[in-house]
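K.L.:
First, the structure itself, so that you have it in front of you.
The values are calculated or read from the model by the stated rules, or taken from the named source; none is laboratory data. None of these values were measured; they are calculated from a predicted model. Cβ: placed from backbone, ideal geometry, glycine included. Neighbour counts: every protein chain shown. Only protein heavy atoms, including side chains, enter the accessible area calculation; ligands, DNA and RNA are left aside. Shrake-Rupley method; radii C 1.70, N 1.55, O 1.52, S 1.80 Å.
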Amino acid sequence: MGVRVPAAVRVRGGLLLTHSHAMFNLKQEFIAEVTHAPLGIVGACAGWGRWLELRLAEVGRGPGWIWRGCFAAVGVILLFYREA
């Protein structure tokens, strides 16, 4: 189970980066894209950091701090998140 979780986080982060909204209001579409991009980037980094922590124990504690920081960043971003 431990390996599937980082993969799911990476896939969902990638989906946030690659999807688009078909809106007729360009301002709302821009705001949606600008708010989803940081969530996607941080989500993908969290997934890769966790994967590195699980697969490469000799790397050290860096990947563990990366994915924990990314999850905290997602929480902070979602505190101020507003769907257009």
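K.L.:
So residue 78 clears everything in (1) among the aliphatic types (A, V, I, L, M); (2) open to solvent by 70 Å² or more (accessible area, probe 1.4 Å); (3) without any contact (Cβ under 8 Å) to a residue 24 or more places away in the chain except one condition, right? Which one?
P.N.:
For residue 78, the exception is condition (3).
K.L.:
Can you tell me which residues in the range 19-49 are within 15 Å of residue 9 (Cα to Cα) and open to solvent by 40 Å² or more (accessible area, probe 1.4 Å)? Full working, then the answer.
P.N.:
Of the range 19-49, the ones within 15 Å of residue 9 (Cα to Cα) are 36-49.
Scanning the range 19-49 gives 38, 41, 45, 48.
K.L.:
Contact list please: Cβ distance under 7 Å, first residue in the range 22-47 and under 17 Å from residue 76 (Cα atoms), second residue among the hydroxyl-bearing types (Ser, Thr, Tyr), pairs at least six apart or on different chains.
P.N.:
35/81
K.L.:
Now, a different point. Return the pairs, sorted by first residue and then second, in which the second residue is open to solvent by less than 80 Å² (accessible area, probe 1.4 Å) and outside any helix (DSSP H, G or I), the first residue lies in the range 51-64 and is within 18 Å of residue 13 (Cβ to Cβ), the beta carbons are less than 8 Å apart, and the residues are 6+ apart or on different chains.
P.N.:
That search, which allows pairs on different chains as well, returns 51/3; 54/2; 54/3; 63/56.
K.L.:
So is residue 52 modelled with pLDDT under 75, of a type outside the set (Val, Ile, Thr) and either open to solvent by less than 40 Å² (accessible area, probe 1.4 Å) or part of a helix (DSSP H, G or I) (or both) or not?
P.N.:
On the way: modelled with pLDDT under 75: no; of a type outside the set (Val, Ile, Thr): yes; either open to solvent by less than 40 Å² (accessible area, probe 1.4 Å) or part of a helix (DSSP H, G or I) (or both): yes.
No, not satisfied.
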